[in-house]
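Take a look at the structure set out below.
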Amino acid sequence: MNKYFEANRNNWNERVGIHKKSKFYNVEGFLKGKSSLDSLELEELGDVKGKKLLHLQCHFGMSTLSLARMGAEVTGADFSDEAIEFAKELTKKTGLKAEFVCSNVLELNEHLKGEFDIVFASYGVFCWIPDLSRWFEIASHFLKPGGKLVILDGHPTNHLFEYSEQKKEIEMIGPYFNTKAHRYIEDYTYTDGDKKMVNNVEYEWAHPFSEFVMSAINNGLRITSVKEYLYSSYEMFPNMKKINGGLWILEGSDLPLTFSMKCVKE
Ligand SMILES: C[S@@+](CC[C@H](N)C(=O)[O-])C[C@H]1O[C@@H](n2cnc3c(N)ncnc32)[C@H](O)[C@@H]1O
């Protein structure tokens, strides 16, 4: 692992301890049967019953296990050993059937065998990936011919905007193109809970829309759908309104907050 992945993995390992106790992840609700997938994810995935599904960057597996509850035969992968350990604990507690693999997604072919009907990843996925083409190569590698890739994430323009506490407005800060690793210090994670993190250094990469399109095309994937939404999966900016399906909207704004893309392996 290079210094970027090592810092990010330490950061994610520490977040797991905070996230599993947070209202945001609501593990208790999940254990009582609540799905952790929002209405956009469910719509884009469609019927998963009986399908072999690989969930990339699955965190501690609540969405993976929510898909198992819907009848999919699931495998989740993540490079955080703490996340995978907790995913396995949740699997035992729920009595569901699921496999979990601990690996850097870009090297997953060295740790997992098999072919899948669906490869899925959502929300907070691509900012951690320096080489988007390699990510799509991995997704393509694990798909059966005719299999489907389904992704949803923050819109590529998300990196451009940030809410300024000082000015009380959203301002443009960049970057848009993938030119280098961006080092950030984040003392707190995005969930509720005010525990200050020790492993607070993280590295992120921006990816323009063209990189998603070309990464699919160059790795044997035919794009069948691309959508851009005014909704986000969490309260990205202050004063957003919660709407049905677990989504948030910034009233009066037309900033694209989320995108989805579906591809078929040729
Ligand atoms: C925001 S979470 C994924 C969101 C997921 N929908 C959720 O909330 O359950 C991002 C995940 O990506 C994982 N991750 C980041 N970089 C990775 C890498 N290079 N290889 C594998 N997993 C990685 C982190 O460990 C984390 O669990």
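Since every read-out is calculated from the coordinates, none of them should be taken as a lab result. Every value quoted in this text rests on a predicted model; they were computed, and no experiment measured them. In this analysis, Cβ positions are derived from the backbone assuming ideal geometry, glycine residues included, and neighbour counts consider all displayed protein chains.
Quote the relative contact order of the range 221-266 in percent (integer), defining contacts as alpha-carbon pairs under 8 Å separated by 6+ residues.
Value for the range 221-266: 56 percent.
Provide the convex hull volume over Cα atoms per residue for the range 58-187, in Å³.
Here the figure is 151 Å³ per residue.
What share of the DSSP beta bridges in the chain is antiparallel, in percent to the nearest 5?
Around 60 percent of the beta bridges assigned by DSSP in the chain are antiparallel ones.
Mean 1/r over all different Cα pairs, inverted: what Kirkwood radius does the range 1-98 give, in Å? Can you show the working numbers first?
Numbers: mean 1/r = 0.0716 Å⁻¹.
When all Cα pairs of the range 1-98 are included, the Kirkwood radius is 14.0 Å.
Would you work out the charge dipole size for the range 163-208 about its Cα centre, treating the Cβ of every Lys and Arg as +1 and the Cβ of every Asp and Glu as -1, and quote it to the nearest 20 debye?
160 debye
Quote the charge dipole size of the range 3-265 about the Cα centre in Debye, to the nearest 20; the model charges only the Cβ of Lys and Arg (+1) and of Asp and Glu (-1).
800 debye
Please sort by residue number the trypsin sites (Lys or Arg not before Pro) in the range 129-172 whose DSSP state is loop and whose Cβ has at most 14 other Cβ atoms within 10 Å.
Those satisfying the criteria are K167, K168.
Please give the charge dipole size of the range 78-221, origin at the Cα centre, charges +1 on K and R Cβ atoms and -1 on D and E Cβ atoms. Round to the nearest 20 debye.
Result for the range 78-221 is approximately 340 debye, rounded to the nearest 20.
If you take the charge dipole of the chain about its Cα centre, with +1 on Lys and Arg Cβ and -1 on Asp and Glu Cβ, which of G246, F161, S210 is farthest toward its positive end?
Among G246, F161, S210, the one farthest towards the positive end of the dipole of the chain is G246.
Of T189, A68, N178, which is farthest on the positive side of the dipole of the range 3-265, counting Cα position, with +1 on Lys and Arg Cβ, -1 on Asp and Glu Cβ, and the Cα centre as origin?
With unit charges placed on the Cβ atoms, the residue in question is A68.
Taking loop as defined by DSSP and a crowding limit of 16 other beta carbons within 10 Å, which GluC sites (Glu not before Pro) in the range 100-178 fit?
E115, E165
How many percent of the alpha carbon pairs in the range 179-266 exceed a separation of 19 Å? Spell out each step's value before the answer.
Details: 2344 of 3828 pairs.
So the pairs more than 19 Å apart make up 61 percent of the total in the range 179-266.
What does the net charge come to around N199 if you take all other residues with beta carbon closer than 14 Å to its beta carbon, with K and R at +1 and D and E at -1?
-1
Give me log10 I(q)/I(0) at q = 0.29, 0.30 Å⁻¹ for the range 38-95, Debye formula, one equal scatterer per alpha-carbon, no solvent.
Evaluating at q = 0.29, 0.30 Å⁻¹ gives log10 I(q)/I(0) of -1.22, -1.26.
Could you name the lysines in cross-link range of K241, using Cα to Cα under 30 Å and dropping any fewer than eight places away on the same chain?
Cross-link targets: K20, K21, K23, K32, K34, K167, K168, K195, K196, K227, K262.
Principal axis lengths of the range 3-265 from Cα atoms, whole Å, largest first?
That works out to 51, 40, 40 Å along the principal axes.
I'd like the Karplus ³J(HN,Hα) series for the range 152-169: coefficients 6.51, -1.76, 1.60, θ = phi - 60°, whole numbers in Hz, and an x wherever there's a Gly or Pro.
Result, rounded to whole Hz: 9, 7, x, 4, x, 7, 3, 5, 6, 10, 8, 7, 8, 4, 5, 8, 6, 8.
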